[in-house]
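Inspection log for the structure reproduced underneath, given as structure tokens.
Every read-out reported here was derived from the displayed coordinates using simple, explicitly stated rules and does not represent laboratory data. This is a predicted model, so every value here is computed, not measured. Glycine also receives a Cβ, built like all others from the backbone with ideal geometry; neighbour counts cover every protein chain displayed.
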Amino acid sequence: MAYYCWSCGNEQIFDVKVGIKVGRRDSCPHCAADLHVCKNCRLWDPNIHNQCREPEAAFIRDRQESNFCAHFDFRDGDAPKADDSMEKAKAKLNDLFKKLK
């Protein structure tokens, strides 16, 4: 299994013999982003209420900051896809204003 940072997308290396344990203070060696965050959890889902698939999970205000959630389970799989929605929106706006001139 491969584990990736939610912020920079770089692969995280863990000692598999010990298991995948991410502490609250652990951070990415590439970008220094916190790793024990909702956005790195397999239960995180931005499309549902409370953004968590665990119904018993407490509400966490900042999904990008380390937290004490007992339900945290580091997600595995593919590297996160880059969010280029801001660039696409800017390009559409630029095209729109070019047409208005």
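Going highest first, how would you order 68-77, 28-37 by mean Cβ packing within 10 Å? All intermediate terms of the calculation are to be shown ahead of the outcome.
Working: 68-77: 14.4, 28-37: 16.8.
Those peptides, ordered most packed to least, come out 28-37, 68-77.
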Report summary line: Packing-ranked peptide list from 38-44, 59-65, highest mean Cβ count within 10 angstrom first, is 38-44, 59-65
Report summary line: Here, Ile48 and Lys88, labelled 7 Å along Cα→Cβ, have an inter-label distance in nm of 2.4 nm
